[in-house]
Amino acid sequence: MDVIVLSRIQFLLTTVFHYFFVPITIGLSIIVAVFQTVGYVKKDEAYTKLSIFFGKLFIVNFAVGVVTGIIQEFQFGMNWAGYSRFVGDIFGAPLAIEALAAFFLESTFIGVWLLGRNKLSPKVHNLSIWLVALGSTLSAYWILVANSFMQHPTGYSLNGGRAEMTDFAAVIFNQHALLQFAHVVVTALLTASFFVLGISAYRLLRKKNADIFAKSFKFSVIVGLIFVIASAFTGDLQGKFLVKEQPMKIAAAEALWDTAQPAPFAVIAGIDEANQKNTFEIAIPNLLSFLSYNNFTGEVKGIKDLQNEMSAELGDGNYVPPVAATFWSFRLMVGFAGLMLVLCILALAKWKNNRFADSKFLLGTSLVAISFPYIANTSGWMMAELGRQPFIVYKLLTLDNAVSTTVAPGWVIFSSVGFVLIFVIAAVADVVLIKRIAKEELKEEARK
C-alpha cells in the first residue's frame, strides 16, 4: 500500500479511538454537574453520591481521552505535511484557543473539583464542576471550528499555495461549525445518558444501592429520550445545509446516481460503484426530497451530474467519494439512533407500570446499549469525512496533495503499530477501571 492509504488508515484508527472519549467527556461532565447541583439544592444525599460515583467514571474517560488526543495531533506533522502547510494559518488560532483557554479551564477545575470537596464551600465546589463542563464544551467548539474549515471553507484567501485567514469572525462563526456543534453537544448528552443508563442497569441487576441507581436510571431514560429526538432534529438541519453546500456527500449517502425529482430515500441498496448503479434498492418515494427541502417535489442532484459539474469547475478528476461506505455508515448511524429511541420508549412503559427494576430483559438490554451511541457517533463521523473525499479541504486541497511525500510507508506502518499498542493498553485500562468503579459500594462521603 502507498503512503496515502497507510496514512488514512492510521488517521482512521486514531480519530475513531479518540472520538470514543470526546462525547462521553462532554456529556458526562454536564450530567455529573446536574447530579451535584440537585444534591446541593435539594439537600439530597442520593444525588450527591451519584455525582461522586459518575464523577469517577468521568475522570477515567477524560484521562484516556487526553492521551488519545495527543497521539492524534502527532499525525499532522508526521503524515500530513502538505495539509499542515496549507491550513496552518487557519488552524493555528482555534487550536491555540482550545488549548490555552478551553482545555486549561477544564483541566484546572477538574483539579479544583477533585481536591476541593471538603476544602471549598458547597457553592464554590458546585461551581467548579460547571466550569469543567463549560471548558469541555468550549473545547469541542474550537476543534469543530477547525474541522468545519475542512468541510466548508470560509474567511480565507489563497496566497502562495496556502490558505490565509482574512476574516476571523467568518472562520469561528462558520455556519457548518454552528450546526455541527449543536449536533455534537446533543449526541454527547445522548452518549452520556446511555452510559449512565447502562451503569445504573448494571447496579440494579446486582441489586446494589438499587434505590439510588433507580433515580439515575429514570433520569437517563428521560435525558436519552429528549436527546435522541434532538439528535434527529440537529442532524436534519445539517443535512439540509449539506444539500446546498456539499451535494455530492448527500448523493453518496443516498447512493443516488441519477438526478431525481422527486427523489426517493433508499432504505437499503445493492451498490455497484464500478458501473455507477444500484443493483437493487428498497426505497420510500419522495422522502429524500422532503428531507432535503421540506417538500415532496424538490430535485436532488445525482452523483453523475455532480461529477460533471465539479469536473467543469475544478478540472478533470474523480470527485466521487466511496459511495457504499458513505451510504452504509449513514444507515448505521440512523439505525442505532432508532434502537435508542425504542429502548427509551420501552423503559418509559416499564417505568409507568413501576416494573423497570424487575425487568432483566430491559436492564440487560440497557447495559448492552451503552455501545449504541458509540456506534452511531463513529458511523456519523465516518459518513461526514468519507463523503468529502477526495478532498481533505473541500474543493481546495485533495488527499494526494496533503500527505507527507517524504515519509516512507514502512515508517507509517511502524508508527501505526505503536499507536495501536498504546490504544490497546489505554482501552484495557479504561475498561478495567470502569468495571472496578461500577462495582464499588457507595460510601458516605459527606463534607467535614
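The values are calculated or read from the model by the stated rules, or taken from the named source; none is laboratory data. None of these values were measured; they are calculated from a predicted model. Here Cβ is always computed from backbone atoms with ideal geometry, including for glycine, and neighbour counts include all displayed protein chains. With ligands, DNA and RNA removed, areas are computed over all heavy atoms of the protein, side chains included. Shrake-Rupley method; radii C 1.70, N 1.55, O 1.52, S 1.80 Å.
Axis of helix 409-439 versus longest Cα principal axis of the chain: the two differ by about 30°, to the nearest ten degrees. Each residue was assigned an accessible area with a 1.4 Å probe, and for Tyr40 the value is about 80 Å². Among residues other than Phe11 with Cβ under 15 Å from its Cβ, the summed charge is -2 (Lys and Arg +1, Asp and Glu -1). Rolling a 1.4 Å probe over the protein heavy atoms leaves Asp211 with an accessible area of roughly 110 Å².
Taking amide H atoms as placed 1.01 Å from N in the peptide plane, the amide H of Asp272 lies under 5 Å from those of Lys277, Asn278, Thr279, each 5 or more residues away in sequence or on another chain. Extension gain, Thr37 to Ala96: 0.36 nm times the residue separation minus the Cα-Cα distance gives 18.1 nm. Across all directions, the shadow cast by the convex hull of the chain built on its C-alpha atoms averages 23.1 square nanometres.
Net length available on complete extension from Ile226 to Asn275 is 13.4 nm, with 0.36 nm assigned per residue and the Cα-Cα distance removed.
When you restrict to C-alpha pairs under 8 Å that are six or more residues apart and normalise by the size of the chain, the relative contact order lands at 21 percent. If you count the DSSP beta bridges with both ends in the stretch 215-334, what percent of them are antiparallel, to the nearest 5? The answer is about 100 percent antiparallel. The separation of the stretch 29-69 from the stretch 202-223, counted between C-alpha centres, amounts to 15 Å.
Rolling a 1.4 Å probe over the protein chains gives Glu73 an accessible area of about 120 Å².
Per residue, the solvent-accessible area of the chain (1.4 Å probe, heavy atoms of protein chains only, all protein chains present) comes to 45 Å². Could you state the angle between the C-alpha long axis of helix 81-97 and the longest principal axis of the C-alpha atoms of the chain, as a value from 0 to 90 degrees rounded to the nearest 10? Once rounded, one gets 40 degrees.
Considering only alpha-carbon pairs that sit under 8 angstrom and 6 or more positions apart, the relative contact order computed for the stretch 130-198 is 30 percent.
Modelled this way, with points 7 Å down the Cα-to-C-beta line, the labels at Ile437 and Ile425 are 2.1 nm from one another. Pairwise alpha-carbon distances in the stretch 257-369 exceed 17 Å for 68% of all pairs.
Across the protein chains, with a 1.4 Å probe defining accessible surface, the residues Val184, Val420 rank Val420, Val184 from largest area downward. Per residue of the chain, the DSSP helices (runs of n ≥ 4 H) give a summed -39500 (n - 2.57) that works out to -24500 deg cm²/dmol at 222 nm.
Near the amide H of Thr166, within less than 5 Å, lie the amide hydrogens of Tyr156, Ser157, all on another chain or at least 5 residues away, with H placed in the peptide plane. Taking Cα atoms only, the orientation of helix 303-314 departs from the longest principal axis of the chain by about 70 degrees. In loop segments of the stretch 37-100 as defined by DSSP, the trypsin sites (Lys or Arg not before Pro) with at most 11 further C-beta atoms inside 10 Å of their C-beta are Lys43.
Once the chain from Phe104 to Glu313 is taken as fully extended at 0.36 nm per residue, the excess over their C-alpha distance is 70.9 nm. Volume of the convex hull of the stretch 81-166 (Cα atoms only), normalised per residue: 92 Å³. Distance between the pseudo-spin-label points of Ile413 and Arg331 (7 Å out from Cα toward the beta carbon): 3.5 nm. Each eigenvalue of the Cα gyration tensor of the stretch 299-448, multiplied by 5 and square-rooted, gives one semi-axis; in descending order these are 43, 27, 12 Å.
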